[in-house]
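See structure below.
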2 protein chains.
Amino acid sequence: MLYYNIIYRFPFPGFTPMQQAAQTMTFMGSGHDHSHCLNEALDRAAALCTKRGVRLTTLRRRVLELVWGGHRPLGAYDILDTLKAERRGAAPPTVYRALDFLLAHGLVHRIESQNPFVGCPDPDKPHGGQFLICRTCGMAAELNDSGVDQAIRKSAKKAGFSVGRPIIEIQGLCPHCQDNVEGEGE
Amino acid sequence: MLYYNIIYRFPFPGFTPMQQAAQTMTFMGSGHDHSHCLNEALDRAAALCTKRGVRLTTLRRRVLELVWGGHRPLGAYDILDTLKAERRGAAPPTVYRALDFLLAHGLVHRIESQNPFVGCPDPDKPHGGQFLICRTCGMAAELNDSGVDQAIRKSAKKAGFSVGRPIIEIQGLCPHCQDNVEGEGE
DNA sequence: GGTTATAATGTTATATTATAACATTATCTA
DNA sequence: TAGATAATGTTATAATATAACATTATAACC
């Protein structure tokens, strides 16, 4: 079973209540072996690139690592700041080219409504990202709900529209931040 | 009945086959009294602002007119170029402040994945925009499919997430551009 | 192993989109 | 009409992204 990056990811629908609870607690602050899921993501990326005959270079791998390692969506210039400290001559194209590669291979998603990038836990099957984005804590959780996907395809079909990449970004409040808002009496 | 801006809008699900056909033909090139739906949109905006006790100033009205009048989504700096020719001292804040107002009152939407703005045909009930966006011709059509909305709410509920603004942007090919691609044998 | 083609990255410059901060003008309320 | 508030003007700059060309690394072939 996949080990999700639950520092900034939500419990996935389909998890048992106990799994949900465990993950929610983790999200709320207790420990989580992030290096484990990070390494797993990097290994999966390497395998996928080998399979596709493309190169996960040092730079690309490092950018993917940074995107995955962040505790929330990471801007291109955040990544650049880190790279600048590590290699001479890092510049915007350095980052954007690596991100273009990672995007093209489904290894990261871009949060279109906010510009930053997040690692994708499931790069093998190409898919548009479905995100829950908390407007208070900034956390983004990737969903992949087939009900949503089917509803979209049905609706597009009625209009005669051929679906390429469906972008779903649901802004709102995560469970944790809902509690806090309620606690403040607002 | 509302008269949609079908120069850049799609047939809406729920229309009869005849209505669909009429609209598709219009989209594909035949005549359409665009000034009529534009004026109607401006009148509706004025009425809505009066009802809400806010001011649809000359500037705001003009920006709304430009957004509605475009045959496709319009960038802030496209709007600015037009304004510069009409009033001295138009600058980015001129446009962005007007757009902020129009967005806040649901009179326009922003296409998050591409930055530009489009007029909303249905500002009375606040809603996140659901768009079909053609990657070939750039056209954006607003949907409001309750099936999609319900699927999203159901999925978010499972994750304990409180939905604020759902953003749906479906990139793909419009009926017209599908035909052209097929015609080219690609 | 050396040569050539291709892919990746380096480097400089600039385009595009958006906001901050403060001054001025218009409108509303009393 | 005076004072308060809202809207706009004005200048500067932040944040995000790409263009264009030079250089370096890798792959593929001999």
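Out of curiosity, is B:Pro93 out of contact with any Asp or Glu (no Cβ under 8 Å at 6 or more places or on another chain) and modelled with pLDDT under 95? Walk me through how you get there before you give the answer.
Working: out of contact with any Asp or Glu (no Cβ under 8 Å at 6 or more places or on another chain): yes; modelled with pLDDT under 95: no.
Judged against the criteria, B:Pro93 is not a match.
For A:Arg52, the test of being without any contact (Cβ under 8 Å) to a residue 40 or more places away in the chain, open to solvent by 80 Å² or more (accessible area, probe 1.4 Å) and within 16 Å of DNA strand D (Cβ to nearest atom) is failed. With respect to the conditions (1) modelled with pLDDT of 95 or more; (2) more than 16 Å from DNA strand D (Cβ to nearest atom); (3) out of contact with any Asp or Glu (no Cβ under 9 Å at 6 or more places or on another chain); (4) not basic (Lys, Arg), B:Asp33 falls short on a single one, namely (1). Within the stretch A:73-84, restricting attention to residues that are in a helix (DSSP H, G or I) and either under 25 Å from A:Cys137 (Cβ atoms) or open to solvent by 70 Å² or more (accessible area, probe 1.4 Å) (or both), the residue that is farthest from DNA strand C (Cβ to nearest atom) is A:Asp78.
Can you name the helices (runs of 4 or more DSSP H) wholly within the stretch A:85-186 that have at least 3 residues being away from DNA strand C (no atom under 16 Å from the Cβ), among the hydrophobic types (A, V, I, L, M, F, W, C) and buried (at least 22 other Cβ atoms within 10 Å of the Cβ)? Hits in the stretch A:85-186: A:146-158.
Within the stretch A:76-86, the residues that satisfy the criterion of being in contact (Cβ under 8 Å) with a residue 12 or more places away in the chain and either acidic (Asp, Glu) or closer than 20 Å to A:Gly106 by Cβ (or both) are A:Ala76, A:Asp78, A:Ile79, A:Glu86.
Listed conditions (1) within 16 Å of DNA strand C (Cβ to nearest atom); (2) open to solvent by less than 40 Å² (accessible area, probe 1.4 Å); (3) charged (D, E, K, R) are all met by B:Arg62, apart from (2).
Yes/no per residue for (1) among the hydrophobic types (A, V, I, L, M, F, W, C); (2) closer than 20 Å to B:Val108 by Cα; (3) more than 7 Å from every other protein chain (Cβ to nearest Cβ); (4) in contact (Cβ under 8 Å) with a residue 12 or more places away in the chain:
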{"residue": "B:Met139", "(1), (2), (3), (4)": "yes, yes, yes, yes"}
{"residue": "B:Ile152", "(1), (2), (3), (4)": "yes, no, no, yes"}
{"residue": "B:Ala156", "(1), (2), (3), (4)": "yes, no, no, no"}
{"residue": "B:Leu173", "(1), (2), (3), (4)": "yes, no, no, yes"}
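Number of residues in the stretch A:138-171 that are modelled with pLDDT of 95 or more and acidic (Asp, Glu): the value is 2.
Considering the stretch A:58-75, the residues that are over 14 Å from the mean Cα position of the chain (by Cα) and either under 16 Å from A:Ile111 (Cβ atoms) or touching a residue at least 24 places away in the same chain (Cβ under 8 Å) (or both) include one that is farthest from DNA strand D (Cβ to nearest atom), namely A:Arg62. Whether any residue in the stretch A:114-135 is more than 15 Å from the chain's Cα centre (by Cα) and on the phi < 0 side of the Ramachandran plot is what I want to check. Yes, some residue in the stretch A:114-135 is more than 15 Å from the chain's Cα centre (by Cα) and on the phi < 0 side of the Ramachandran plot. Residue check: A:Gln178 meets all listed conditions (1) touching a residue at least 40 places away in the same chain (Cβ under 8 Å); (2) touching a Phe, Trp or Tyr at 6+ places or on another chain (Cβ under 9 Å) but one, namely (1).
The values are calculated or read from the model by the stated rules, or taken from the named source; none is laboratory data. On a predicted model such as this, the values are computed, not experimentally measured, just so you know. When we count neighbours, we look across all protein chains shown, and the Cβ atoms used for this are built from the backbone with ideal geometry, even at glycine. Calculation scope for accessible area: heavy atoms of the full protein, side chains included, ligands and nucleic acids excluded. Shrake-Rupley method; radii C 1.70, N 1.55, O 1.52, S 1.80 Å.
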